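Scroll down for the structure; my scribbles are underneath it.
The values are calculated or read from the model by the stated rules, or taken from the named source; none is laboratory data. Source: prediction; values computed, not measured. Because the Cβ atoms are built from the backbone with ideal geometry, glycine has one as well, and the counts that use them run over all protein chains shown. Ligands, DNA and RNA are stripped out before the accessible areas are found, and what is left, the full protein with its side chains, is counted by its heavy atoms. Shrake-Rupley method; radii C 1.70, N 1.55, O 1.52, S 1.80 Å.
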Amino acid sequence: YPCIGADNHMAGTLIAEHVLSLGHRRIACMLPPVTGNDRANARRDAVMRTLKAAGVSVRPEWQRTTVYSISASKRDAIDLLRSQDRPTAIICGNDILATGAIYGAAAAGLSVPDDISITGIGDFKGAAVIEPPLTTVRIPAKRIGRETGRVLTASIIAPGSENVGFHCKPALIIRTSTGAIRASNASS
């Protein structure tokens, strides 16, 4: 069957490369469950491969499988951030998890991005207006919808003429939820 969607592997790579480019090496990941979810699996795989290629190993206790919920991600973020030995960045598998992580950082008394950088993936409605505005990877939903309509129409008009698949290219959207690592956080 034709499959239309975003290149989720590229999305994970883009966000991990961005966090690394800011000097972060103490990185936590809050990613959704991957069972039955090829998008989440591709993002997780790309994030972990990109970090590993840069020589960054995510501590087991900093790897969270977080359900698609602001309250669950807030809880996980508070747990990650409550000790002095904490990450300097959290890569979240989607903007819902990132929103909860921002709330969790605030609840833990931390400033985003001064104390902790937080990222998402999706560029969901509201990502640009939460405080601070979320650094994320835009998944081009409108283009995916247009391409889906085009393929569906082609399959009705001339069965067998539709493309087998199409991946829309995601784009890194840098906002103020991420920042360069501060010297005081680099080794702590």
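Residues that are modelled with pLDDT under 95 and of a type outside the set (S, T, N, Q) number at least 2 in the following strands (runs of 3 or more DSSP E) confined to the range 1-77: 3-6. Only residues that are part of a loop (DSSP other than H, G, I, E, B) and out of contact with any Phe, Trp or Tyr (no Cβ under 8 Å at 6 or more places or on another chain) were counted across the range 80-94, and they come to 7.
Quick one: which of Ser111, Ser83 is at pLDDT below 95 and surrounded by fewer than 19 Cβ atoms within 10 Å (Cβ to Cβ)?
On the way: Ser111 fails: at pLDDT below 95.
Matching residue, one of Ser111, Ser83: Ser83.
The condition of being out of contact with any Gly (no Cβ under 8 Å at 6 or more places or on another chain) and within 21 Å of Asp115 (Cβ to Cβ) does not hold for Ala11.
Conditions (1) touching a residue at least 12 places away in the same chain (Cβ under 8 Å); (2) more than 16 Å from Thr176 (Cβ to Cβ); (3) under 11 Å from the mean Cα position of the chain (by Cα), marked per residue:
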position: Asp85; (1), (2), (3): yes, yes, no
position: Gly93; (1), (2), (3): yes, yes, yes
position: Ala105; (1), (2), (3): yes, no, no
position: Ser111; (1), (2), (3): no, no, no
position: Ile118; (1), (2), (3): yes, no, yes
position: Ile121; (1), (2), (3): yes, yes, yes
position: Ile130; (1), (2), (3): yes, no, no
position: Thr136; (1), (2), (3): yes, no, yes
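In the range 87-106, is there at least one residue being more than 20 Å from Ala127 (Cα to Cα) and open to solvent by 10 Å² or more (accessible area, probe 1.4 Å)? No: zero hits. When the residues of the range 1-21 are filtered to those that are touching a strand residue (DSSP E or B) at 6+ places or on another chain (Cβ under 7 Å) and open to solvent by less than 40 Å² (accessible area, probe 1.4 Å), the one that is nearest to Ala180 (Cα to Cα) is Val19.
Residue check: is Ala141 modelled with pLDDT of 80 or more and either touching a Cys at 6+ places or on another chain (Cβ under 6 Å) or hydrophobic (A, V, I, L, M, F, W, C) (or both)?
Criteria met by Ala141.
Residues are listed down the side, and each one gets a yes or a no for (1) surrounded by 13 or more Cβ atoms within 10 Å (Cβ to Cβ); (2) modelled with pLDDT of 70 or more:
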site: Val151; (1), (2): yes, yes
site: Ile157; (1), (2): no, yes
site: Leu172; (1), (2): yes, yes
site: Ser177; (1), (2): yes, yes
site: Ile181; (1), (2): yes, yes
site: Ser188; (1), (2): no, no
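Screening Lys125 with (1) free of Cβ contacts under 8 Å to residues at least 24 places away in the same chain; (2) assigned to a helix (DSSP H, G or I) gives one miss only, at (2). Of the residues making up the range 47-70, those that are out of contact with any strand residue (DSSP E or B) (no Cβ under 6 Å at 6 or more places or on another chain) and either among the basic types (Lys, Arg) or under 19 Å from Phe124 (Cβ atoms) (or both) number 7.
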